[in-house]
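The values are calculated or read from the model by the stated rules, or taken from the named source; none is laboratory data. Fair warning: this is a prediction, and the values are worked out from it, not measured in the lab. Quick reminder, even Gly has a Cβ in these numbers, built from the backbone with ideal geometry, and neighbours come from all protein chains shown. Ligands, DNA and RNA are excluded from the accessible area calculation, which covers all protein heavy atoms including side chains. Shrake-Rupley method; radii C 1.70, N 1.55, O 1.52, S 1.80 Å.
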Amino acid sequence: MKFSLFISIFTIVSVQFGRAQSPIIPTPVTHVFVEGKIDLAEQITIKTVNLSEKLKDYLVGELENSYAISTKVDSLDGLVEFKRIANTQKDFYSINVADKITITYSSDASCFYAIHSFLQLLQFEEDHYVIQKAFIQDFPNFQWRGLHLDVSRHFFGIDEVKRYIDLMALCKFNVLHWHLTDDQGWRIEIKKYPKLTEIGGFRDSTLIGHYNDFPHKFEKKKIGGFYTQDEIKEIVQYAQDRFITVVPEIEMPGHARAALAAYPEYSCTGKKLPVASEWGVFDDIFCSKPETIDFLKNVLEEVLTLFPSEYIHIGGDEAPKTNWKACAKCQKIISENHLKDEHQLQSYFIQQIDNYLTSKGRKMIGWDEILEGGLSTNAAVMSWRGEAGGIEAAKLNHYVVMTPTEFCYFDYYQSSHPAEPVAIGGFLPLEKVYQFNPVPQSLSNEEKSYILGGQANLWTEYVPDIESAEYMVYPRALAMSQVLWCNEKPTFEVFEKTLIDYQIGFLKKHGVIFSPALFYPEMEIFPSTKGLKIHFKGTAGNDKFNVLQKTDGNETNEDKILGISDTLIFERSIVSKNVHFEISPDETYELEHTPFDLKIHSAIGLPVKLLTEPNSKYSNHGELALVDGIKGHRPWKGNEWLGFDVDTISWIVDLKKSALIESFDLGFLDAQGSWIYLPKSIQLYVSTDQKKWTLLPKQLPVENFHQEIKKTGRYIKVVLISNNKIAKGFPGEGYHPWTFVDEMEIKFK
Ligand SMILES: [Zn+2]
């Protein structure tokens with residue numbers, strides 16, 4: 001097998017014969033198609049000399065349950081033969097489909113990956129399965145291919161967690177980051193502290209609707225649950241059998257409300273508070289006193305007996321220092337240890353936990369806040385607030401798992417379609433996930449070697465059950481598996497086609513509930529000389545639409561069939577009007593209708609020059625977003641608004657002629673739970689030549705801002721001043737607030 005070793009290392013290339021793409025996701029390093037097919041009978045023989053019983057059972061089970069193919073295991077001969085080989089490339093495997101099928105593998109894990117690739121090669125034709133002849137070589141790019149599951153905000157039973165693991169295995173993920181404790185529930189039995197689950201495992205009520213909807217409403221019902229230690233062992237073993245390591249997360253010092261509801265003596269105040277029933281960040285965190293550290297070490301001692309993972313996640317994120325500042329014990333530790341402030345106290349806190357884990361032969365990993373106040377010696381960092389934390393850690397020679405919100409937070413919306421269930425906010429469509437690269441380009445080659453891989457996170461504030469969890473994770477997990485497995489991933493277009501041609505069927509075969517966002521038509525908008533140009537666009541094979549257009553509620557019943565190249569033009573109009581489209585896509589996809597609303601007004605399509613760039617997370621449609629006729633939705637779905645995270649924001653709009661400007665309207669978003677606030681002030685300037693600007697009276701911004709102008713000019717400059725920090729007592733306290741704006745309407749003649 002030396003020959004194949006050479007190919008695997010020196011040629012990362014896909015050669016196709018007869019067919020354009022590998023049906024396998026994640027895409028293998030090499031997939032060479034050869035002419036011809038093998039027809040599979042209802043029963044096949046498998047030669048498995050050294051294959052472990054578990055792998056054999058797994059293969060036989062999958063073939064029988066998902067493909068209705070029975071198997072006969074033979075030690076001498078078989079249509080499918082498994083061979084263990086030596087290969088220096090970690091987790092290398094190959095599949096050779098000739099007259100027989102030979103699968104070679106270098107580790108049990110790679111055999112498991114080979115089985116999954118083999119199963120994806122099976123294609124149903126007429127009344128039986130066939131396999132296209134081919135040669136495949138493959139191995140993963142990153143060693144940490146993670147998927148996260150928050151079981152605190154909503155509890156998932158052991159069968160549901162097993163289901164989550166089963167689906168992870170299909171995509172060759174190898175780390176389950178299990179978020180077991182948080183403010184809203186403690187989910188792991190700790191024998192020394194039974195109240196953690198008796199009290200901390202349940203809450204009396206839960207926020208309903210979105211956190212940004214005020215006043216908050218609650219469902220008064222006791223909910224929760226926890227895993228016994230036996231159940232935890234069962235899950236860990238179940239995952240191990242699928243070559244997935246479970247990394248437990250025990251949150252500290254923040255997100256501790258459930259633990260402190262059970263044992264208030266480990267907080268700074270000692271005050272008894274209930275398990276949290278709403279989302280967010282709370283001041284009540286673990287006190288840094290020695291008794292609390294001992295308590296946490298005792299908890300971890302039991303955790304270590306249950307989880308054999310190299311890494312133990314200790315959280316470390318979002319820990320407000322309010323209570324530490326007011327606590328005599330915390331302040332005493334600061335002065336006795338000559339610490340600068342509460343950030344260094346957090347570092348001191350984490351260092352003790354790190355030392356403990358190190359003494360037990362484990363490694364600590366935590367969210368990037370553990371960098372604040374100095375990183376403890378052995379800590380690995382999970383970079384979530386962008387990639388900056390990961391870059392800093394790698395430069396300090398600490399290992400890093402990249403999971404920036406922008407690409408990795410699967411609790412964000414995947415489309416703005418009205419059928420999407422309520423989500424936390426943010427916008428992460430499939431294509432954005434696909435663009436993710438866990439390795440920051442600014443690192444040197446040596447520093448890059450500290451990037452272990454990446455991970456997608458599923459926080460479950462708005463994910464009440466396993467069906468919703470699958471919906472949020474799939475098909476985005478397939479894009480993430482491409483990012484983390486492929487050495488050189490194909491273009492998004494090829495990936496999308498593979499999804500449509502093969503993988504959607506594969507997901508259906510496994511009963512996966514997935515978001516159809518991929519198939520929803522989109523409205524594309526461009527500026528034109530006199531207004532806007534729009535057309536509708538869908539995925540390959542879904543570019544025929546039935547479009548019903550209504551204007552201002554008056555049904556014109558213009559039933560039109562629009563193709564991908566059909567374009568509609570809308571001109572600016574002094575009298576604004578609403579246009580509504582109702583789009584039913586090709587029936588193949590059984591989708592809900594897609595409505596689009598367009599407001600035609602006198603500023604649509606006007607040239608806007610952004611003097612401040614929006615944050616790349618919220619810059620959809622760029623400057624056109626302000627004048628594209630689409631008003632940002634409330635509740636916020638992420639992609640219509642322009643989002644800024646700086647103090648001063650400004651832009652200039654050109655009316656393209658000198659005119660009497662009557663009024664100016666601008667939409668702001670006030671969604672404090674998402675750290676989005678109204679700016680402090682808005683200043684408007686008018687000019688005829690962009691040299692001399694006249695400042696109009698300042699006004700206070702409100703969500704639907706309106707200002708009378710009655711001045712002649714050609715250009716309007718808008719300047720927004722925001723606070724540089726979120727005030728004390730508000731969500732996101734101490735962080736920079738977001739400013740979200742959308743649709744600017746200007747009346748002029
Ligand atoms: Zn304290």
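One Cα centroid belongs to the stretch 271-292, the other to the stretch 482-540; the line between them spans 43 Å. Of the solvent-accessible surface of the chain, computed with a 1.4 Å probe over protein heavy atoms with every protein chain present, carbon and sulfur atoms account for 51 percent. Cα centroids of the stretch 688-749 and the stretch 45-115: 64 Å apart.
Take a quick pass over the stretch 18-133 and tell me how many lysine pairs come in under 26 angstrom between Cα atoms, counting only ones 8 or more apart or on separate chains. For the stretch 18-133, qualifying lysine pairs total 29.
If the segment from T648 to T551 were pulled out straight at 0.36 nm per residue, it would be longer than the present Cα-Cα gap by 31.1 nm. Comparing C111, L176, A98 along the charge dipole axis of the stretch 95-209, the residue lying farthest to the positive side is L176, per the Cβ-charge model. V175 contributes an accessible area of around 10 Å² to the protein surface, as traced by a 1.4 Å probe with all chains present. Simple rule: put +1 on each Lys or Arg Cβ and -1 on each Asp or Glu Cβ in the chain, find the dipole, and look at I136, P464, I451; the Cα lying farthest toward the positive end is I451. Take the stretch 377-536 with all the other protein chains still there, run a 1.4 Å probe, and you get 34 Å² of accessible area per residue. A 1.4 Å probe run over the protein chains yields, for the stretch 2-138, 45 Å² of accessible area per residue, whole-number rounding. Q143 versus N445, label points 7 Å from Cα toward the beta carbon: distance in nm? According to this spin-label approximation, the distance is 1.9 nm.
Amide hydrogen proximity for E522: with H placed 1.01 Å from N in the peptide plane, the residues at 5 or more positions away or on another chain lying under 5 Å are K537, G538. When +1 charges are put on Lys and Arg Cβ atoms and -1 charges on Asp and Glu Cβ atoms, the dipole computed for the chain relative to its Cα centre reaches about 2000 debye. Take the stretch 201-351 with all the other protein chains still there, run a 1.4 Å probe, and you get 41 Å² of accessible area per residue. Expressed to the nearest 5 percent, the antiparallel share of DSSP beta bridges inside the chain is 70 percent.
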